[in-house]
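Below you'll find the structure, written out as structure tokens, and then a few comments.
The values are calculated or read from the model by the stated rules, or taken from the named source; none is laboratory data. Note that the structure is predicted; figures quoted are calculated from it, not measured. Don't worry about glycine lacking a Cβ; one is built from the backbone with ideal geometry, like all the others, and counts go over all protein chains shown. Calculation scope for accessible area: heavy atoms of the full protein, side chains included, ligands and nucleic acids excluded. Shrake-Rupley method; radii C 1.70, N 1.55, O 1.52, S 1.80 Å.
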Amino acid sequence: MKSARVVVVGGGVIGFSTAVCIAESLPFCSVTLLSETFSPDTTSDVAAGLLFAAEYPDIPLERQRRWFKYSFDHLLAIAASEHSPEAGVMLSSGWQIFKDVPADKKPFWSEFVIGFRFMTDAELKIFPGHKFGHAFTTIKCECSSYLPWLEKRFRKAGGRVEQKKVNSLHELSNSYDIIVNCTGLGSKTLVGDDKVYPVRGQVLKVEAPWLKHFIRAGDGMTYIYPGIDAVTVGGTRQEGDWRLQVDEGDTKSILERCSRLVPSIGKAKVLSELAGLRPTRRNPRVEREVVQLQGRTVPVVHNYGHGGWGVTLAWGTALDALGLVRQCLHDMTQRAKL
């Protein structure tokens, strides 16, 4: 397989995960990552980063299971290693609670997290008004630490990082053989994808060292996730909302909802307020296509549109993207022989 110049566009958790997978697995390729923004200014930095998932409607469940399992196993290995504090990856135990018993009592990811079970009556008594719940141990991945750690790992594998806004794929066609698009919401303009849209999320970081268990309401709107230095409380799901500034009304609503679940939240000191736009699509786009750029045929691998599950699925979809890059290289080698 011949050497190739690969460019990954996008500096969030999907971009850096994909770049690391390519650089470490294909050392004969030169890999460059281009992004307009880096941590702490990415959407990934706002993500609460607790691993579990929702089901996408049109992607085979087996593929979704693989994405989750590979991501979980990758982060579990980091959590169990000496890299855990620097990478911002830790084990986290807690509860997901429901006011009514959900149709799908046992989600597809339940076999991959640790110790998944239904909550006992004694546990449910802690949360009045809730009839059913899941108890399990999962992983919390804090991107403000994890992204710089991944960048270091990428550079160690020979990767190059450059701050640059890419306005069009045409800008890249002469310098690179394969383009990997991990631009999330940016794909709306970069590749003209009208199927990707923002879902605004707002979270608060609070000082509440007495809270040790994550708690998540089944509607996904209200959650309390203890982390390494602070507790993340949230949230909002505002479709089509492009606002990045913090909304005081949302802050008030988040604190009220979380205090109903855990009254002591009212005593927590608010450290920061953050808003981000989840790059949402009906299904993530993890596929390859061939495009004509400046008279050249250039393969493009897409990996974007994960919505609120980017941190959860990043490593799994990055491995899929790596497989697609391998296919592009194989095709290029075959063409060169003709």
Within segment 108-136, how many residues turn out to be under 20 Å from residue 75 (Cβ atoms) and open to solvent by 30 Å² or more (accessible area, probe 1.4 Å)? 5
Scanning segment 272-282 residue by residue, the ones that are open to solvent by 20 Å² or more (accessible area, probe 1.4 Å) and under 14 Å from the mean Cα position of the chain (by Cα) total 3
It is to be established whether one or more residues within segment 279-292 are in a helix (DSSP H, G or I) and of a type in the set (S, T, N, Q). no
Which one of the conditions (1) crowded, with 22+ Cβ neighbours inside 10 Å; (2) touching a Ser or Thr at 6+ places or on another chain (Cβ under 9 Å) does residue 31 fail to meet, given that it meets all the rest? (2)
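For segment 280-297, which residues satisfy the criterion of being in contact (Cβ under 8 Å) with a residue 40 or more places away in the chain and touching a strand residue (DSSP E or B) at 6+ places or on another chain (Cβ under 6 Å)?
Residues of segment 280-297 in contact (Cβ under 8 Å) with a residue 40 or more places away in the chain: 280-285, 288, 291, 293-294, 296.
Residues satisfying the conditions are 280, 281, 284, 285, 288, 291.
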With the condition kept exactly as written, say whether any residue in segment 164-179 is open to solvent by 30 Å² or more (accessible area, probe 1.4 Å) and of a type in the set (Val, Ile, Thr). no
Quick one: residue 178 ticks every box in (1) under 30 Å from residue 91 (Cα atoms); (2) over 20 Å from the mean Cα position of the chain (by Cα) except a single one, so which number is it? (1)
Out of the residues in segment 137-152 that are under 12 Å from residue 44 (Cβ atoms) and open to solvent by less than 10 Å² (accessible area, probe 1.4 Å), state the one that is farthest from the chain's Cα centre (by Cα). 150
Could you check segment 34-89 and list, in sequence order, the residues that are touching a Gly at 6+ places or on another chain (Cβ under 6 Å), surrounded by fewer than 21 Cβ atoms within 10 Å (Cβ to Cβ) and either free of Cβ contacts under 8 Å to residues at least 24 places away in the same chain or within 15 Å of residue 142 (Cβ to Cβ) (or both)? none
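The rows are residues; the columns are (1) touching a residue at least 40 places away in the same chain (Cβ under 8 Å); (2) among the hydrophobic types (A, V, I, L, M, F, W, C).
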{"site": "131", "(1), (2)": "no, no"}
{"site": "149", "(1), (2)": "yes, yes"}
{"site": "171", "(1), (2)": "no, no"}
{"site": "178", "(1), (2)": "yes, yes"}
{"site": "186", "(1), (2)": "yes, no"}
When residues of segment 294-325 are filtered for being open to solvent by 10 Å² or more (accessible area, probe 1.4 Å) and outside any helix (DSSP H, G or I), how many remain? 5
Enumerated strands (runs of 3 or more DSSP E) restricted to segment 146-207, each holding at least 1 residues that are out of contact with any Lys or Arg (no Cβ under 6 Å at 6 or more places or on another chain) and farther than 21 Å from residue 25 by Cβ: 160-163, 197-207
Which of the numbered conditions does residue 289 fail, given that it passes all the others? Conditions: (1) open to solvent by 10 Å² or more (accessible area, probe 1.4 Å); (2) farther than 14 Å from residue 180 by Cα. (2)
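Residues checked against (1) assigned to a helix (DSSP H, G or I); (2) in contact with a helix residue (DSSP H, G or I) (Cβ under 6 Å, 6 or more places away or on another chain); (3) free of Cβ contacts under 8 Å to residues at least 12 places away in the same chain:
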residue: 94; (1), (2), (3): no, no, no
residue: 105; (1), (2), (3): no, no, no
residue: 116; (1), (2), (3): no, yes, no
residue: 122; (1), (2), (3): yes, no, yes
residue: 136; (1), (2), (3): no, no, no
residue: 140; (1), (2), (3): no, no, no
How many residues does segment 1-24 contain that are more than 21 Å from the chain's Cα centre (by Cα) and either closer than 24 Å to residue 276 by Cβ or open to solvent by 10 Å² or more (accessible area, probe 1.4 Å) (or both)? 4
Residue pairs meeting the criteria (Cβ under 8 Å; at least 6 apart or on separate chains; first farther than 14 Å from residue 221 by Cβ, in segment 245-262; second assigned to a helix (DSSP H, G or I)): 259/265; 259/266
